[in-house]
1. Over its Cα atoms, what ratio of radius of gyration to 2.2 N^0.38 Å does the range 78-161 give?
2. Cα to Cα, under 27 Å, and not fewer than 8 places away if on the same chain: which lysines meet these conditions relative to LYS87?
3. At what distance in nm do the modelled label points of ALA175 and ASN123 sit from each other, each positioned 7 Å from its Cα along Cα→Cβ?
4. Straight-line reach from LYS194: which aspartates and glutamates fall under 18 Å, measuring Cα to Cα and dropping same-chain residues less than 8 apart?
5. Once each part is reduced to its C-alpha centroid, what is the distance from the range 104-122 to the range 126-195 in angstrom?
6. At most 10 other Cβ atoms within 10 Å and a DSSP loop assignment: could you name the trypsin sites (Lys or Arg not before Pro) in the range 63-99 that fit?
7. On a straight-distance basis, which lysines could pair with LYS55 in a cross-link, Cα separation under 18 angstrom, same-chain partners fewer than 8 positions away excluded?
8. Tell me the trypsin sites (Lys or Arg not before Pro) within the range 99-163 that lie in a loop according to DSSP and have at most 10 other beta-carbon atoms within 10 Å.
Amino acid sequence: MVSKIAIPLIFLAAVYLARTTIANGVKPSSSFIKSSCATVMYPALCEESLSPFAKTIQNSPAQLAHTALAVSLKQSQSTQDYLNKLKRFKGLKPGERSAVGDCLEIVSDSLDRVSKSMKELKNCERAKGQQFLWHMNNVQTWVSSALTDENTCTDGFGGRAMESRIKTSVRAQIANVAHVTSNALALVNNYAQKH
């Protein structure tokens, strides 16, 4: 049994900690994002890309996973737009044009998988037991497949004949997409474990 004196002390301690946390510029949702991002492969990128959504995420592993997938989707769309523009660039060599076209197709497939994963993750939120596991397995499979696609995208730029600014630029774009997708997969996996 808690004494009558202990209850006000606990309350005051909680208020003090909340004010101190907020006064120091650390909001509970930001702390949640920071601690969650500490478990992924690219923690700084994770924090940077998800912190603007702290109000939406709050302390929800489901919302964190969904937002991470949304970040991956947005980055994939941006890369797809970049590759579409690059493919129309008149200064490309035939081998570069072919590699960009292949990469564009792969990024489009990846984008589709991440989009499907976001929809399927919504189904996870309403599901329980075996239904949850089935939907979550779909999400994990599709995001993992998208990540594999992104990592194979630059294979067409292999070899010394393809050493150029185009190759460097495409690899940088693809690496960014792969990094945010890797983070999203880790956060999806964390959500699955906590459910």
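1. 1.42
2. LYS74, LYS116, LYS167
3. Each label point is offset 7 Å from its Cα along the Cβ direction, giving 3.6 nm.
4. Hits, sequence-local ones excluded: GLU120, GLU125.
5. If we compute the Cα centre of each part, the gap is 10 Å.
6. Those satisfying the criteria are ARG88, LYS90.
7. Qualifying lysines at Cα under 18 Å: LYS27, LYS34.
8. LYS128
The values are calculated or read from the model by the stated rules, or taken from the named source; none is laboratory data. All values reported here derive from a predicted model rather than from experimental measurement. Because the Cβ atoms are built from the backbone with ideal geometry, glycine has one as well, and the counts that use them run over all protein chains shown. Quick note on the areas: whole protein, heavy atoms, side chains included, nothing else; ligands and nucleic acids left out. Shrake-Rupley method; radii C 1.70, N 1.55, O 1.52, S 1.80 Å.
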